[in-house]
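Each remark here refers to the structure printed beneath this line.
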Amino acid sequence: MLKKLAPYTKGYRKWILLGVLCSVGEAVFELLLPLVMADIVDVGIANGDRAYILSKGAEMIAMSLVALFMGVCAAGLASKAGMGFGANLRKAEYDHVQEFSFSNIEKFSTASLITRLTNDVNATQMTLMMGMRIIVRAPVMMITALVLAITISLRLSRVFLVAIPLLLVAVGFVIKKVGPMFTTLQERTDDVNLVVQEDLSAIRVVKSYVRENREKEKFSQRNSRLKAASEKAFGFVVLNMPLMMLVIFGTIIAVMWIGGHQVYAGIMGSGELISFFTYVTEILISLLMVSMVMMMLTRSIACGRRIVEVLDEKPEITDEQANPALVVADGSVTFDHVYFKYNKKTDAWNLEDINLSIRSGMTVGVIGGTGSAKTTLVSLIPRLYEATEGAVYVGGHNVKEYTMEHLRDACAMVLQKNTLFSGTIRENLRWGNEHATDEEIAAACRAACADEFIDKMPEGYDTHIEQGGTNVSGGQKPRLCIARAILRNPKVLILDDSTSAVDTATDARIRRAFAEDLKDTTKIIIAQRIASVCEADLIVVMDDGRIAGAGTHEELMKTNEIYRDVYQSQLEGVSIDG
Amino acid sequence: MSRPGGGHGPGGHGFQKPKNLGSTVKKLMAYIGRYKAALVLVALCLVVSSAGSIAGSYLMKPVINDYILPGDFKGLLRMLILMGAIYGLSALCSFAYARIMVHISQKTVAQLRQDLFDKLQSLPLKYFDTHQSGDLMSRFTNDIDTVSEMINNSFASLISSSLTFIGVIAMMFYLNWILTLISVVFLFLMLMVVKTIGGKSRVSYKRQQGALGAVNGYVEEMIEGQKVIKVFNHEKKARESFDVLNTEYRDAATMANTYAFSMMPAMGNLSKIDYAVTCCVGGLLAIGGMFDIGGLAAYLTYVKQFSQPITQISQQVNTILAAVAGAERIFDVMEAQPESDEGKTVLVRVRKEGETLTETDVRTGHWAWKKPDGRLTELRGDVRFDHVVFGYNEDKVVLNDISLFAKPGQKIAFVGSTGAGKTTITNLINRFYDIQSGTITYDGINVQEIAKESLRRSLGVVLQDTHLFTGTVADNIRYGRLNATDEEVEAAAKLANADAFIRHLPNGYQTQLKGDGGNLSQGERQLLAIARAAVSDPPVLILDEATSSIDTRTEKLIEKGMDSLMEDRTVFVIAHRLSTVRNAKAILVLENGSIIERGDHLQLIEEKGRYYQLYTGQAELN
């Protein structure tokens, strides 16, 4: 995984190197101080040499100033490298997601992709930044201190043979025990959050059925379980500190005892003994830091892995077989023995043996029950999904022969779950055509019957739309989306159940406008209402992934039972809305 | 660090300042204050452990001066045993206080979480309309976490740091006052560093958070609209705008983190300079006979300990401020006005013998309203609106002077365009919202006099948006009546025509639903919601677009079931498919919050008004 992430440090490698050097320098200079101090005590004080003490003192101050400078530089460099790496990674991931086809997006789900692009990248860049300081510093501190301690007294350094393994075992024990406890803790936290989330969205159901007390009870049980888990986990973590204290204090006492004898015997200076104490603390604390970094790393490794998963995902649909010069000539659409399934592993087909021929400029209605694969059928035209078997032709060529850009420029689709973006109405409409003039925009809105409500808004086309289009009504949103699609001036226009939320009268007016203004455009309309499609040149009746019938209204009334059924069931009532 | 608002330092915590520090801390203290005895014990342990580590360092002086240098090893052993005992006690105490704090903090946080959840359940719908669920959710996650973090760590750490700091200064002074003066100068230097770096850090951190918010917001919006981006070939543009925001965040974050992470090396190395100066001056003093080697050793240990509390305190102040800001948001919810319920009339089961009603616990199929004075009125399902005026906001009227009545057993339908006020009317019957003027009566009783719980128990509601809970399919149906048997659950599912698809699920009725039943289609979810209402067997039923996602063919299939569900009940139906409402006793056509037509299907057709127009819309089709 590190190998996969490493390339994204590009442009910042020299800063990383320099930062690491600074960290090492800082650590080394810091640790040399006690050694000089020992000289002051053992030589300066012992000989009563004031000049020696002053010169050694100046040496120490100079060393700390260098350490200070290097430390601050290291901090700056680590930030620069960490944040630069984060920005590179975020960009690479985001750009890669732009290449994704629909099936790639669905595989990850929107929410998970967002987390991977935000939290996960942030955690990873933080790790690099902190890591540059702590991961580098702690081992350097430890090794330097160990070397210096050994130079002072090899015999005395043997205490580390006991102390270091002891601390490692103690810390290792805590980490090993705590790992599964934190997993449990996370699971139970998720449990609690799930109840909150569900209740927030289903508060009307809870209140309607007067289930407040039951929900409180449910929450209370999970909350207690969470409390027990967290008390157990954190209760164990707090063992870390006292254990470390015991080992450090024990070592200091041992050093006093052994070192005391050596000082008395004249093998060692008392200054050296004092500096030895410093190294004892430094070594053991560094060790503890390393173990803490390990804990932190396990978390960011999980984040890094999730990012790599996204980066490794191969876009399902590519321009590999495309001819960049080819553009869509007309709006004819042909399905030739097309089979499709979303999940390659399942046996069942989502679309089975679809054969369909649509001439340019035709109006085609698609009708069928929930789950009959209407949306799947039309999604293959702009190549949002790839036919598993068989081929789809637009303008006489297989859709694979066009670049996605050319194909989708020519085939505008209004999705069922459509999105408006934050910005003005005009900006949103210009998604369809960047260079559209105000007149063109107004004309498209007229055709989509969107002009009537836009004109009523105080700021007209400059009205600001909130993220997700929350401030336009359910009947207005699809009309804006239709206008946006019309602005593309497409060869094929696909409406996926876009007019169900629009009232019948407006629906009829939109269809009339289509017939007049978009004569040369092939119009493919998925609808619930028979009224929306009955005048079409061709009506396709879908049933369970197959075409159950195709023809005009009159033909289908005669030959197709499903169509007749749907017609009968709607005859008795009228749909209204708006 | 006398000013609590002067928090800064590394760690990358939020600099959100609480608005009302004093009162929030007080409320928080009320929670923690429940564990007074434990807190006293914690304080005791803190004092012992801080004193122990300070005393341990001090013992260096006699150990070196009186035992090692003269070579008194018997005495040395005694001293080392004493040191060991002090250190051991100190370690034990620090474990004890940490462990007790975990207990206190986890209990407090669990209580806080429970209180918050309980409170949420009691809030009126208006509160949920005006607060985003993501925002409320973050109070359970982020805010509770920061509070937990604070009680767990900051609290004890702040006290122990302060104690250590005071103890160390005192001991330094006791050991050598001249050296202490030098250290005090360095203390001021350190405080200045904290102040300057902290100040810059705060400003640049704010910029970083702004830039981060912009990047995250953009990513969120774009990924959510990713399919539209693909359809419109908008990838290149999406990348360009992203690049700008990403670079801006990188620059802001680099700056902010440089400041934040400079704090540690700056403070640490300032203390090293102090160490160097101390060595030098201490050496000179020792030559002059004004200090000794053992004392210097002990003093140098204190110099190393001296900067730690300052760094720690400056870090903790940030955590604490963030936590208090979080606690403030939690208490905001807890102090919100709960749903008012002044109703005293309650719903009871009754046995009916002739005209006399007697209260009972057995399921008899008969219900009655029990007034505060004990009188029983049979529940019949007679609902009347009398000149009702309502708006979600006081200044914007949604329903204007609505009067209507539903006699027991009648099916009343509301028809009209989106936003005409159909759903609003049903929300008033079960008192999700309170009306501004007029009256609504239920079996002759003003609904405001009925306890909300009783009122809602008498009404079964199938909402437009179906919400399912994590659990089995059977659990979800049983939500309507918790003690329903398996047979009753299945019968209800059959009634709603849901039985067939449930049996096709991997584990039938025991299939686990996850994520609001995301793997079921919208239509299947609605069938479950109908089954849920059927099992609850309420005297009055409200169907709000209950079949809107079910295609017309399936709707025909469940028609019989729906008919038997509605039999003998007062039913309010909202639908925009007119086939669903044709057989209603009365159809009310709403427009802009007023009833413009009323009557049964035939009357309305004859009237040739709006309803007729809607109907002829269909006629054109023929």
Identity of the residue in region B:286-307, within 11 Å of chain A (Cβ to nearest Cβ) and polar (S, T, N, Q), that ends up surrounded by the most Cβ atoms within 10 Å (Cβ to Cβ): B:THR301
Subset of region B:559-576 [within 12 Å of another protein chain (Cβ to nearest Cβ) and part of a helix (DSSP H, G or I)]: B:GLU559
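So that you can scan it fast, the table gives a plain yes or no per residue for (1) under 21 Å from B:LYS227 (Cα atoms); (2) out of contact with any Phe, Trp or Tyr (no Cβ under 9 Å at 6 or more places or on another chain); (3) not in a loop (DSSP other than H, G, I, E, B):
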site: A:GLU427; (1), (2), (3): yes, no, yes
site: A:TRP431; (1), (2), (3): yes, no, no
site: A:ALA442; (1), (2), (3): no, no, yes
site: A:VAL472; (1), (2), (3): yes, no, no
Unmet requirement for B:ASN400, which otherwise passes all of (1) surrounded by 17 or more Cβ atoms within 10 Å (Cβ to Cβ); (2) in a strand (DSSP E or B): (1)
Selection count where residues are at pLDDT below 85, out of contact with any Leu (no Cβ under 6 Å at 6 or more places or on another chain), closer than 28 Å to B:HIS601 by Cβ and not in a helix (DSSP H, G or I), scope region A:530-578: 4
Boolean, A:GLY11 is of a type outside the set (A, V, I, L, M, F, W, C) and surrounded by 13 or more Cβ atoms within 10 Å (Cβ to Cβ): no
Residue list for region A:202-238, filter: over 22 Å from B:GLY471 (Cα atoms) and more than 7 Å from chain B (Cβ to nearest Cβ): A:ALA228, A:ALA229, A:LYS232, A:ALA233, A:PHE236, A:VAL237
B:GLY381 within 16 Å of B:SER458 (Cβ to Cβ), touching a Ser or Thr at 6+ places or on another chain (Cβ under 7 Å) and either in a loop (DSSP other than H, G, I, E, B) or of a type in the set (Asp, Glu) (or both): yes
Selected residue (criterion: nearest to A:GLU26 (Cα to Cα)) from residues of region A:66-83 that are surrounded by fewer than 24 Cβ atoms within 10 Å (Cβ to Cβ) and at the interface with chain B (Cβ under 7 Å from one of its Cβ atoms): A:LEU68
Neighbours by Cβ (under 9 Å, 6+ apart or cross-chain): first from region B:445-463, among the basic types (Lys, Arg); second assigned to a helix (DSSP H, G or I): B:LYS452/A:LYS207; B:ARG456/A:LYS207; B:ARG456/A:SER208; B:ARG457/B:SER536
In region A:285-334, the residues that are assigned to a loop (DSSP other than H, G, I, E, B) and among the charged types (D, E, K, R): A:GLU313, A:LYS314, A:GLU316, A:ASP319, A:GLU320, A:ASP330
Residue list for region B:56-86, restricted to those being at pLDDT 90 or above and either under 30 Å from B:SER161 (Cβ atoms) or of a type in the set (Val, Ile, Thr) (or both): B:MET79, B:LEU80, B:ILE81, B:LEU82, B:MET83, B:GLY84, B:ALA85, B:ILE86
Test: residue in region A:187-201 that is more than 12 Å from chain B (Cβ to nearest Cβ), assigned to a helix (DSSP H, G or I) and of a type outside the set (A, V, I, L, M, F, W, C): yes
Flag for B:MET137 being surrounded by fewer than 22 Cβ atoms within 10 Å (Cβ to Cβ), part of a helix (DSSP H, G or I), in the same structural domain as B:SER53 (by TED's automatic domain parsing) and without any contact (Cβ under 8 Å) to a residue 40 or more places away in the chain: yes
Counted residues, region B:254-271 - those being at the interface with chain A (Cβ under 7 Å from one of its Cβ atoms) and touching a Lys or Arg at 6+ places or on another chain (Cβ under 9 Å): 5
Elements of type strands (runs of 3 or more DSSP E) in region A:345-422, at least 2 residues being out of contact with any Asp or Glu (no Cβ under 6 Å at 6 or more places or on another chain), of a type in the set (D, E, K, R) and more than 14 Å from chain B (Cβ to nearest Cβ): A:351-358
A:ASP537 vs. criteria in contact with a Ser or Thr (Cβ under 8 Å, 6 or more places away or on another chain) and over 24 Å from A:ALA410 (Cα atoms): no
Pairs where the first residue, in region A:378-401, is under 14 Å from A:ILE524 (Cβ atoms) and the second is part of a loop (DSSP other than H, G, I, E, B) and β-branched (Val, Ile, Thr), C-beta under 7 Å, 6+ apart: A:VAL392/A:ILE381; A:VAL394/A:VAL328; A:VAL394/A:ILE381
Hey, A:ARG158 over 24 Å from A:LEU297 (Cβ atoms), away from every other protein chain (no Cβ under 11 Å) and surrounded by fewer than 17 Cβ atoms within 10 Å (Cβ to Cβ) or not: yes
From the options B:LYS585, B:LYS560, residue that is touching a residue at least 60 places away in the same chain (Cβ under 8 Å), out of contact with any helix residue (DSSP H, G or I) (no Cβ under 7 Å at 6 or more places or on another chain) and surrounded by fewer than 18 Cβ atoms within 10 Å (Cβ to Cβ): B:LYS585
So B:VAL102, is it under 23 Å from B:GLU335 (Cβ atoms), touching a residue at least 12 places away in the same chain (Cβ under 8 Å) and at the interface with another protein chain (Cβ under 9 Å from one of its Cβ atoms): no
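Table: residues versus (1) at pLDDT 90 or above; (2) among the hydrophobic types (A, V, I, L, M, F, W, C); (3) surrounded by 21 or more Cβ atoms within 10 Å (Cβ to Cβ).
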site	(1), (2), (3)
A:LEU89	yes, yes, yes
A:ALA92	yes, yes, no
A:SER109	no, no, no
A:ILE150	yes, yes, no
Test set (1) of a type in the set (Val, Ile, Thr); (2) closer than 30 Å to B:ALA286 by Cβ; (3) assigned to a helix (DSSP H, G or I) - A:ILE267 fails condition number: (3)
Residue count, region A:259-300 (criterion: within 13 Å of another protein chain (Cβ to nearest Cβ) and either farther than 18 Å from A:GLY131 by Cα or more than 55 Å from the chain's Cα centre (by Cα) (or both)): 24
From B:ARG113, B:ARG99, residue being in the same structural domain as B:ILE330 (by TED's automatic domain parsing) and within 17 Å of the chain's Cα centre (by Cα): B:ARG113
Matching residues in region B:577-607 - criterion: being part of a helix (DSSP H, G or I), away from chain A (no Cβ under 14 Å) and β-branched (Val, Ile, Thr): none
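The values are calculated or read from the model by the stated rules, or taken from the named source; none is laboratory data. Treat the numbers as computed from the prediction; the structure is a model and nothing was measured. Reconstructed Cβ throughout: ideal geometry from the backbone, glycine too, with neighbour counts over all protein chains shown.
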